[in-house]
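Accompanying notes for the structure given below.
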């Protein structure tokens, strides 16, 4: 039976690779066109655009995994049906559920690959992509992974330890110099939020150190105003979306929001969506089996593929829709993230029982 598992897996993997090649080519082309609108701004050159596009490929693969697995499974298994290989398997004593078991093993492999890409490859690649693009567009801002975000505002140098997804700042250091280049003051703040009405930052847990020839004098104040040309609009290009963060970082940020009595629904939805995503890939592969062509004619392959595309698009739209419902109607993020996958799983099991 290992030979059967290997043969079915090889067929599905090959077709899924072909689907990925087509979809990645399409999405990459669209991304290049989108980035060309910023071509020439700052130092954003063709090489920078190509680097950005290459680094966003892991995110595209991660987001396309359920649909690619669905279409690849339909194509792979349909070829086995069209070539009468499924009939030969059944005549040889292999049951329908044994074939389903072989397909499930492939889907688990897909799920493991999705987890590895989503947790290990995508977050780092996406950070590098956003950082490189932002530094090219904002030449006075540099970001280093170990030292946070550095920027220059006239005679002031600013270091920000972390920019959270809601554009609040953490671990802010402001170094002010005089005309001769001597350090005048150092300001450290634990947190900072932007007040749009007054167009300035509000810093909290502030420690200010004034430096002079006679020495340094420090003082601590609960909060202070920081007026600068650095606005949230500038920092937004360094922002990583919640769905592109690894689970441990999402969990850490959810705890931070909870400690500060802020809404966590958006980030809890992203957290549970990343947990459910591997299950969605398995469900999509299972959902491919009931729509396989019933006859060994190549003409029915196109119909199966069309149904697969419709199912994949429907699942994508349902996932996005439930995400909006969670935020608008205050629905449980766990329910919002898992309900589309659970509904599709129920449909897949029901259809499999009917056709088996």
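Only one of 164, 177 is outside the structural domain of residue 261 (by TED's automatic domain parsing) and free of Cβ contacts under 8 Å to residues at least 60 places away in the same chain. Can you tell me which? Break it down into steps so the answer makes sense when it comes.
Values: 164 fails: free of Cβ contacts under 8 Å to residues at least 60 places away in the same chain.
Being outside the structural domain of residue 261 (by TED's automatic domain parsing) and free of Cβ contacts under 8 Å to residues at least 60 places away in the same chain holds for just one of 164, 177, which is 177.
Does residue 106 meet the test of being modelled with pLDDT of 75 or more, assigned to a strand (DSSP E or B) and more than 26 Å from residue 255 (Cα to Cα)? When the stated conditions are applied, residue 106 does not pass them.
If I go through the range 321-338 residue by residue, how many of them are closer than 17 Å to residue 283 by Cα and surrounded by fewer than 18 Cβ atoms within 10 Å (Cβ to Cβ)? Spell out how you get there, then give the answer.
From the range 321-338, those closer than 17 Å to residue 283 by Cα are 335-338; that's our starting set.
Of the ones still in play, those that are also surrounded by fewer than 18 Cβ atoms within 10 Å (Cβ to Cβ) are 335.
Here the count works out to 1.
If you go through the range 252-276 and keep only what is over 19 Å from residue 320 (Cα atoms) and surrounded by 14 or more Cβ atoms within 10 Å (Cβ to Cβ), you end up with 253, 254, 256, 257.
Taking the criterion of being exposed (fewer than 14 other Cβ atoms within 10 Å of the Cβ) and in a helix (DSSP H, G or I), the residues of the range 229-243 that qualify are 233, 236.
Restricting to the range 41-53, and then to whatever is in contact (Cβ under 8 Å) with a residue 24 or more places away in the chain and assigned to a helix (DSSP H, G or I), can you tell me which residue is surrounded by the most Cβ atoms within 10 Å (Cβ to Cβ)? Lay out the reasoning, then the answer.
Kept after step one, since they are in contact (Cβ under 8 Å) with a residue 24 or more places away in the chain, are these residues of the range 41-53: 41-45, 48, 51-53.
Next cut, assigned to a helix (DSSP H, G or I) only: 48, 51-53.
On the way: 48: 19, 51: 16, 52: 21, 53: 19.
Here the answer is 52.
Contact map, the range 191-209: first residue at positive phi, second residue assigned to a strand (DSSP E or B), Cβ cut-off under 8 Å, separation 6 or more or different chains; pairs are 205/189; 205/190; 205/191; 205/222; 205/223. Of the residues screened, residue 246 is not one that is surrounded by fewer than 17 Cβ atoms within 10 Å (Cβ to Cβ), at pLDDT 80 or above and assigned by TED's automatic domain parsing to the domain that holds residue 170. Only one entry of 116, 80, 33 meets the criterion of being assigned by TED's automatic domain parsing to the domain that holds residue 132, out of contact with any strand residue (DSSP E or B) (no Cβ under 8 Å at 6 or more places or on another chain) and buried (at least 17 other Cβ atoms within 10 Å of the Cβ), and that entry is 80.
All but one of (1) part of a strand (DSSP E or B); (2) within 32 Å of the chain's Cα centre (by Cα) hold for residue 255; state the number of the condition that does not hold. In the conditions (1) part of a strand (DSSP E or B); (2) within 32 Å of the chain's Cα centre (by Cα), residue 255 misses (1) alone.
Does at least one position in the range 90-101 carry a residue that is in contact (Cβ under 8 Å) with a residue 40 or more places away in the chain and over 30 Å from residue 3 (Cβ atoms)? No, every residue in the range 90-101 fails to be in contact (Cβ under 8 Å) with a residue 40 or more places away in the chain and over 30 Å from residue 3 (Cβ atoms).
Residues in the range 147-159 that are touching a residue at least 24 places away in the same chain (Cβ under 8 Å) and in contact with a strand residue (DSSP E or B) (Cβ under 6 Å, 6 or more places away or on another chain): 149, 151, 155, 156, 158. Candidates in the range 170-210 are the residues that are modelled with pLDDT under 85 and touching a strand residue (DSSP E or B) at 6+ places or on another chain (Cβ under 6 Å); of these, the one that is farthest from residue 224 (Cα to Cα) is 178.
Is it the case that residue 89 is surrounded by 15 or more Cβ atoms within 10 Å (Cβ to Cβ), within 34 Å of the chain's Cα centre (by Cα) and modelled with pLDDT under 85? Can you show your working first?
Working: surrounded by 15 or more Cβ atoms within 10 Å (Cβ to Cβ): yes; within 34 Å of the chain's Cα centre (by Cα): no; modelled with pLDDT under 85: yes.
Against the criterion (surrounded by 15 or more Cβ atoms within 10 Å (Cβ to Cβ), within 34 Å of the chain's Cα centre (by Cα) and modelled with pLDDT under 85), residue 89 does not qualify.
Select from the range 82-103 the residues that are over 30 Å from residue 62 (Cβ atoms) and not in a loop (DSSP other than H, G, I, E, B) and list them in ascending order. Break it down into steps so the answer makes sense when it comes.
Going through the range 82-103, the residues over 30 Å from residue 62 (Cβ atoms) turn out to be 82-98.
Of everything in the range 82-103, those that are over 30 Å from residue 62 (Cβ atoms) and not in a loop (DSSP other than H, G, I, E, B) turn out to be 82, 85, 86, 87, 88, 89, 90, 91, 96, 97, 98.
Looking at the range 151-169, which of the residues that are surrounded by fewer than 18 Cβ atoms within 10 Å (Cβ to Cβ), under 23 Å from the mean Cα position of the chain (by Cα) and assigned to a strand (DSSP E or B) is modelled with the highest pLDDT? Restricting to residues being surrounded by fewer than 18 Cβ atoms within 10 Å (Cβ to Cβ), under 23 Å from the mean Cα position of the chain (by Cα) and assigned to a strand (DSSP E or B), the top hit is 161.
Screening residue 38 on (1) farther than 27 Å from residue 307 by Cα; (2) touching a residue at least 24 places away in the same chain (Cβ under 8 Å); (3) touching a helix residue (DSSP H, G or I) at 6+ places or on another chain (Cβ under 6 Å) shows it passes everything except condition (3). When each of 77, 18 is tested for being touching a residue at least 60 places away in the same chain (Cβ under 8 Å) and either assigned to a helix (DSSP H, G or I) or more than 30 Å from residue 99 (Cα to Cα) (or both), the lone residue that passes is 77.
The values are calculated or read from the model by the stated rules, or taken from the named source; none is laboratory data. All of these numbers come straight from a predicted model, not from anything done at the bench. Using ideal geometry, Cβ is built from the backbone for each residue, glycine included, and neighbour counts are taken over all protein chains shown.
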